[in-house]
Amino acid sequence: MLKYVLLKDILHKRGVLGQFLNSGQMRIGDRLLITSACAEGIPYDIKKRIRWYMARQLKPVTASKLIFDLGLHSSYARALPAILRKMPDLGSDCCDIQGTREGESSYVGP
């Protein structure tokens, strides 16, 4: 891919959603139909992405679900409590991150 585009031009671009009506292969030079349909952008910054995600939740979610849904690496499980503590705007009752033992999931709520 990097032989077609400069890395700096695609850095922090999370991809483009598209729909294909039939199977096959795409090649450079193929004709495409671009529509006006546009999906909402997902913030790149982790704190902004957590706020974006939590604003769309109707009920509490586990920390593991939050990490998975946001597409974060599993190593964030260890860092998540500290990240959430630094986000007082989510409210102190939004998450249960204290007193969890190994094998238990913390709950994070809207």
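Summary of computed values
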quantity	calculated
Distance in nm between pseudo-label sites at SER64 and TYR76 (7 Å out along the Cβ direction from Cα)	1.6 nm
Amide H contacts of THR62 (H built 1.01 Å from N, under 5 Å, at least 5 apart or other chain)	VAL108
Partners for LYS59 among lysines (Cα-Cα distance below 23 Å; same-chain residues under 8 apart left out)	LYS47, LYS48, LYS86
Point-to-point label distance, LYS3-GLN57, nm (Cα→Cβ direction, 7 Å offset)	4.5 nm
Gain on full stretching of the segment that runs from ILE34 to LYS48 - 0.36 nm per residue minus C-alpha separation	2.1 nm
Proximal lysines relative to LYS3, as straight alpha-carbon distance under 25 Å, when same-chain residues fewer than 8 apart are discounted	LYS13
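Read the figures in this text as sums done on the coordinates, not as results from a lab. These numbers come from a predicted model, not from an experiment. We place every Cβ from the backbone using ideal geometry, glycine too, and count neighbours over all the protein chains shown.
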